[in-house]
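Here the structure comes first, spelled out in structure tokens, and everything after it is commentary.
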Amino acid sequence: MAEDGHQADAGARTLAVHAGSAPDPATGSEGVPVHRTTGFAFPTVREMTETFAGRTGRFIYTRFDNPTLRESEEKLAALEDGGPHFHAVLFSSGMAAITAALMAALQAGDHLIAQEEIYGGTTGLLGRVLPRCGMTCDFLTAAELSEPRRLRAAARPATRAILLESPCNPTLRVVEIEAVCRTARELGAAVMIDNTLASPIHQKPLKLGCEVVIHSATKYLAGHDDLTAGFVVASGELLARIRQLRIDLGGCLDPSAAWLLARSMKTLALRVHAQSHNAMAVAQRLQQHPKVARVHYPGLPSHPGHEIAARQMTGFGGILSFELAAEGNAPRFVEALRLIRMVPTFGGLATTVTVPAASSHFCLSPERRRAMGIGEDLIRLSVGIEEVSDIIADLERALG
Ligand code: PLP
């Protein structure tokens, strides 16, 4: 790794630009067109019947599939690098993608093991929706999941899937993905991972043994804080069920948003490298600041998951969180920032800040948040592509 934690990521920049972006064969248009249509015309009833029976590969109706969606799907599948059997399916949000992945992997009577520290919206979904579908769920912390004996003890005969998020939002805890996948194979459970924070530039979970990768494409993949989307990457029967669930649940993305997403993904590698480079510098500076008690960033050797992250990631990402030395000062601090705005999302070009207890994890009880390591004073920073000296100057001024 280089000083800021990066390894050369062979081919990612080229794949991000070229995968799925061939010229349009009908017109020669160098850019993939936006197919703004809800339906596709058929010359004969026979052709329509054959297409509905799945024998022609033609498009039918945009809720089922649309050619514009394919560009970003092919980019993500190429970047996640799971081989020819893995394909990406685009959804209208990260939550729609997570819902489809869960519904594809589980049925009534099945049991899920989920990581305790996942995104608050996902915790909410598991608590509110799984019981209504006759499914059960138990939670293990990142440290417990990485311990094979602990994971085996939590498994039941009905355990069909394990849901991870590593590094997770906002505590940046890290799971040893290969170890979980080894134990999961013994148990006959599929490992699904939310790879939103790492992005496929820094972590390729399919290469570490996961069966399913999920993204909130709203974050790094779209990268400009201007659209909401999600992906699931899978293979075989799971992939077929996920595609059918997009049709059944109706979580398809509008073609114009899909086109914007594909355009943004062309610069994914450049953006993520710049954001991670800046985040490392910010984390190092905050760690030395007398008014900062703790910094959570997997790139820092002091982080409990640093060694695992250095093994399974090729960079440490653009998100970090921290606590101030003086309790209760988080609101004053974030409100004193000038360049850095308070926005409850991450992965965009601009550096943004949020207090997770008041935003992404607001829907959980204070006890549940404490179990996840999220105190009321935890501050999350999504580091952007600005001059790092300007980001640090704003933070130091507000700390002062
Ligand atoms: N996964 C993670 C890690 C997230 O942080 C979020 C949202 O913040 C989601 C999934 C949900 O994604 P979306 O807001 O695109 O539905």
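Taking every DSSP helix (H) stretch of at least 4 residues in the chain, weighting each as -39,500 (n - 2.57) and dividing the sum by the residue count yields a mean residue ellipticity at 222 nm of -11500 deg cm²/dmol.
Span-like helix criteria (full DSSP H runs; alpha carbon extent of at least 27 Å along the helix axis; mean Kyte-Doolittle hydropathy of at least -1.0) are satisfied in the chain by 268-288.
Note on the chain: dipole from Cβ charges, positive end direction compared against A179, I392, V282; the farthest Cα belongs to A179.
Summary value for the chain: 19 percent relative contact order, contacts being C-alpha pairs under 8 angstrom separated by 6+ residues. Each of L163, Q244, H224 was scored by the projection of its Cα onto the charge dipole of region 117-266, and the greatest displacement toward the positive side belongs to Q244; charges sit on the C-beta of Lys, Arg, Asp and Glu.
Proximity of backbone amide H atoms, modeled 1.01 Å from N, is registered between A88 and A77 at under 5 Å, excluding neighbours fewer than 5 places apart on the same chain.
In the full protein context, region 154-268 carries 31 Å² of accessible surface per residue, based on a 1.4 Å probe and ignoring ligands, DNA and RNA. The phi torsions of region 209-214, fed into the Karplus equation with coefficients 6.51, -1.76 and 1.60 and a -60° offset, translate into couplings of x, 6, 8, 9, 10, 10 Hz, rounded to whole numbers, with Gly and Pro shown as x. If R0 equals 35 Å, the separation of the Cβ atoms of D81 and T136 corresponds to a calculated FRET efficiency of about 0.55. Shown for the chain: lysine pairs separated by 8 or more places, or found on different chains, whose C-alpha atoms are under 29 Å apart, numbering 9. Close amide H pairs (under 5 Å, H built 1.01 Å from N) link V191 with I162, E211, V212, residues at least 5 positions away or on another chain.
With K and R counted +1 and D and E -1, the other residues having a Cβ less than 11 Å from that of V174 yield a net charge of -2.
Extension gain, S359 to Q244: 0.36 nm times the residue separation minus the Cα-Cα distance gives 38.1 nm. Relative contact order of region 180-250: 24 percent, from C-alpha pairs under 8 Å at least 6 residues apart in sequence. Shown is the FRET efficiency for V17 and R150, computed with R0 = 56 Å from the Cβ-Cβ distance and rounded to the nearest 0.05: 0.85. How compact is region 321-367 by the rule of thumb for globular proteins, expressed as Cα Rg over 2.2 N^0.38 Å? Region 321-367 yields a ratio of 1.21.
Quick check: the distance between the Cα centres of region 276-292 and region 147-220, to the nearest angstrom? Cα centres, region 276-292 to region 147-220: 28 Å. Near the amide H of R294, within less than 5 Å, lie the amide hydrogens of E323, all on another chain or at least 5 residues away, with H placed in the peptide plane. What would the Debye formula give as log10 I(q)/I(0) at q = 0.07, 0.13 Å⁻¹ for the alpha-carbon point model of the chain, no solvent? After summing over all Cα pairs, the log10 values are -0.32, -1.08. Just check region 180-291 against the gyration tensor rule for me: Cα atoms, a ≥ b ≥ c as the square roots of the eigenvalues, rounded for a/c under 1.5, and otherwise prolate or oblate depending on whether a/b exceeds b/c. Since a/c reaches 1.5 but b/c is at least a/b, the shape of region 180-291 is classed as oblate.
Using the Cβ-Cβ distance between R182 and K207 with R0 = 22 Å, the FRET efficiency computed as 1/(1 + (r/R0)^6) comes to roughly 0.95.
The values are calculated or read from the model by the stated rules, or taken from the named source; none is laboratory data. Being a predicted model, the structure only gives us computed values, none of them experimental. All Cβ positions, even for glycine, are placed from backbone atoms using ideal geometry, and neighbour counts span all protein chains on display. Please note that ligands, DNA and RNA were not included when accessible areas were found on the heavy atoms of the full protein model with its side chains. Shrake-Rupley method; radii C 1.70, N 1.55, O 1.52, S 1.80 Å.
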